[in-house]
Amino acid sequence: MFIKFKHAVESTLKSALDTAGYSTDNLYIEESAHSDLASSLSFRLASEYKQSPMIIADTIASKITIPENSLIDRVEVAGAYINFFVSETFLNNTIYEIFKKQGSYGAGHGKGKVIIEHTSANPNGPLHVGHIRNSVIGDTLARILKKVGYEVEVQYYANDMGRQIAIVAWALDRFEFNQQKKTDHAIADVYIQANQELRDNPDLSLQIDNMMQKIELGDEEMVKRFDRATNLAIAGITSTLKRMNIHHDRFVYESRFVKGGDVADFLRELEESGLAETIDGALTVPMPEFDKDLVIRRSNNTSLYVTRDLAYHRWKAERCDRVIDVLGADHKLISSQLCYVLRVCGIKEPEIVIFEFVSLPEGSMSTRAGKFISADDLLDQVNTQALAEVTKRRPKTDEDFRKRISLPVGIGAVRYDIVKISPEKATTFDWESALDFDKLGAPFIQYSHARACSILKKTSGVPDSIDPSVLTGEAEIALVKELARFSHVTNAAASNLKPHIVAIYARKLAESFNQFYRMSPVLSAPDDLLEARIGLVECARIVLASVLDVLGIDAPESM
RNA sequence: GGGCUCGUGGCUUAGCCAGGAUAUAGCGCCGGAUUUCUAAUCCGGACGUCCCGGGUUCGAAUCCCGGCGAGUCCGCCA
């Protein structure tokens, strides 16, 4: 409804501008603390028309006519600002729309198919607290895009033939594989040992080179060894992701682009078109925009990560309308080189979402060096802490209840803490903050939802529709206005690919609901207000559940 | 050395792309509200050179230039 209000403000302002004889290509409409929407365009017109901005604002405002039943209630001039306020119609329509659309309230006009790739961690160990920043951002984006109407396919691009996997495969023959451990953790153990060994005896790396050659040629024995390594790691990674409500529709193994000939085709086309040339025996794409050219085939004829990635991106581009990649900041250069090649080949480029690194207080993480905190460790500890928190707050409930509630509370807390931070901010992992349940995070939002459910459970039923016009309390109106912003937020998050704005909205919505809860008693409300307030609680419940769903966070009905 | 990103109260952070009204919120700190629809709540208070210096503008946290600091990348690794 907020979007419709904005459109109404735009057209109203535009026609007033025409009537007053001004013209501009930008209406400078912004959200404001002083009104529901404000325009500061009088300032801009002032120099052009050699008039005082206050006079311009007054002139424009005097030409504004608001039709009957408009979403705009009134217009006020404050200094040079023109302030617009929502009408009762706006508030009523918001409630009607939520009742009508229920869980699909907040959908947008996204059209077409999106392939979004996220996580895609190398299968050489478990996911760590850095990888899951990728997973949470990617999964939330996928949910946002679905919410606004896109058909979304989520992919994990699994590197099953790179040098690091060769090292894992080599390590599995050389070191003992711990059968007791979760498979991805056991893979990390042998991988770390292998890297130590390779550091101590650099000559051994010839064995790795040899394996790389064989896998490129499709040597059957070698394919088996690489597959075993990859599958053990991916199985563990998948189960960690499942714990966090994260699902991939498809795992795409990079080896398929070598086996299927896509890589060879792409290389041949690049060579024949003259876009790539052989330098020192290696096929290279000149990159005048960058400091450095890009090697796409080694002098020993093997392909590189970026070569396979090019084939993968062409494959994706042929299968959807938008390609989105969620990548760590270390991929900035290589991904822009990849885009450069795709661009000169006339292939649709991916939209790339970059997130900055998560480090430990003692420095950056490294799977190879064994310096990392695994996602499983984090989830275990957070769940333990969540159980303690539920026990502290609901001591009279049975253990079954406490365990059942602590799970979504813990997972929600982890997801929210990650997604609330803007991706371009580098972060340092901190146990104390990760295990802090007193701050305003997912549990705060889940709690608001549980409160709404609790009220509804005590009523004799939710009405099919209500008369919202009796909801005139300050907190009630503020809550309805917040509910009205939902689709505006999801659409903005989708078009800017910024999931954190949904997280911030969810917190604000929960705050609005809590204020309403405090100020407007529902069950003991006078008869003329009772039904309307129950209806408003139902609307809040619907939108709180929806926004939590978009964030991939479960919404318990009691906690 | 070059590229990219970040720098906002003690700590974490929104706003920056599309410049505007008292700079957002959380943690922590101080004080208040509970015979309740679940207090994982609500209300109030203290805490700021928006890294520094120039510039553009009627107006700069936001745009431009120059510094400083942090992270990251600059492999025929992935």
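The values are calculated or read from the model by the stated rules, or taken from the named source; none is laboratory data. Since this is a predicted model, take the numbers as computed values, not measurements. Every residue, glycine as well, gets a Cβ built from its backbone with ideal geometry; the counts of neighbours run over all protein chains shown. Heavy atoms of the whole protein, side chains included, go into the accessibility calculation; ligands, DNA and RNA do not. Shrake-Rupley method; radii C 1.70, N 1.55, O 1.52, S 1.80 Å.
Some points to look at:
- All helices (runs of 4 or more DSSP H) inside the stretch A:240-340 with 1 or more residues being within 10 Å of RNA strand B (Cβ to nearest atom): A:305-317
- Just one of the numbered conditions (1) open to solvent by 70 Å² or more (accessible area, probe 1.4 Å); (2) outside the structural domain of A:K181 (by TED's automatic domain parsing) is not true of A:G370: (1).
- Candidate set from the stretch A:545-555 (those that are out of contact with any Lys or Arg (no Cβ under 8 Å at 6 or more places or on another chain) and within 13 Å of RNA strand B (Cβ to nearest atom)); member that is most open to solvent (accessible area, probe 1.4 Å): A:D554
- Within the stretch A:441-484, the set of residues being more than 8 Å from RNA strand B (Cβ to nearest atom), within 27 Å of the chain's Cα centre (by Cα) and crowded, with 20+ Cβ neighbours inside 10 Å comprises A:A442, A:I445, A:H449, A:A452, A:L479, A:V480, A:E482, A:L483, A:A484.
- Among residues of the stretch A:61-74 that are within 14 Å of A:T94 (Cβ to Cβ), those with a beta-carbon under 9 Å from a residue that is open to solvent by 80 Å² or more (accessible area, probe 1.4 Å) and basic (K, R) at least six positions away or on a different chain give the pairs A:L71/A:K4.
- Answer from A:E277, A:E318, A:E349, A:E272 - the residue that is open to solvent by 50 Å² or more (accessible area, probe 1.4 Å), in the same structural domain as A:N134 (by TED's automatic domain parsing) and in contact with a Ser or Thr (Cβ under 9 Å, 6 or more places away or on another chain): A:E277
- The number of residues in the stretch A:212-222 that are in a helix (DSSP H, G or I), touching a residue at least 12 places away in the same chain (Cβ under 8 Å) and open to solvent by 30 Å² or more (accessible area, probe 1.4 Å) comes to 2.
- Qualifying residues in the stretch A:399-440 (those that are aromatic (F, W, Y) and more than 7 Å from RNA strand B (Cβ to nearest atom)) - the one nearest to the chain's Cα centre (by Cα): A:Y416
- Residue within the stretch A:101-113 that is over 30 Å from A:Y156 (Cα atoms), within 36 Å of the chain's Cα centre (by Cα) and open to solvent by 30 Å² or more (accessible area, probe 1.4 Å) present: yes
- Residue match in the stretch A:161-178 (condition: assigned by TED's automatic domain parsing to the domain that holds A:I324, buried (at least 24 other Cβ atoms within 10 Å of the Cβ) and in a loop (DSSP other than H, G, I, E, B)): yes
- Taking the stretch A:495-516 as the range and being closer than 16 Å to A:L536 by Cα and open to solvent by 10 Å² or more (accessible area, probe 1.4 Å) as the test, the residues that pass are A:E511, A:S512, A:N514, A:Q515.
- Residues (more than 14 Å from A:L13 (Cα to Cα) and either assigned by TED's automatic domain parsing to the domain that holds A:K481 or away from RNA strand B (no atom under 12 Å from the Cβ) (or both)) located in the stretch A:52-84: A:I55, A:E68, A:N69
- For the stretch A:382-391, the criterion of being in a loop (DSSP other than H, G, I, E, B), more than 11 Å from RNA strand B (Cβ to nearest atom), on the phi < 0 side of the Ramachandran plot and surrounded by 15 or more Cβ atoms within 10 Å (Cβ to Cβ) is satisfied by no residue at all.
- Residue within the stretch A:75-87 that is more than 30 Å from A:P463 (Cα to Cα), open to solvent by less than 20 Å² (accessible area, probe 1.4 Å) and of a type in the set (S, T, Y) present: no
- Only one of the listed residues (A:L294, A:L310, A:L342, A:L360) is surrounded by 15 or more Cβ atoms within 10 Å (Cβ to Cβ) and within 30 Å of A:V414 (Cβ to Cβ). That residue is A:L360.
- Filter pass, A:A492 being open to solvent by less than 40 Å² (accessible area, probe 1.4 Å), near RNA strand B (Cβ under 8 Å from one of its atoms), in the same structural domain as A:P395 (by TED's automatic domain parsing) and without any contact (Cβ under 8 Å) to a residue 24 or more places away in the chain: yes
- A:G370 being at positive phi and within 15 Å of RNA strand B (Cβ to nearest atom): no
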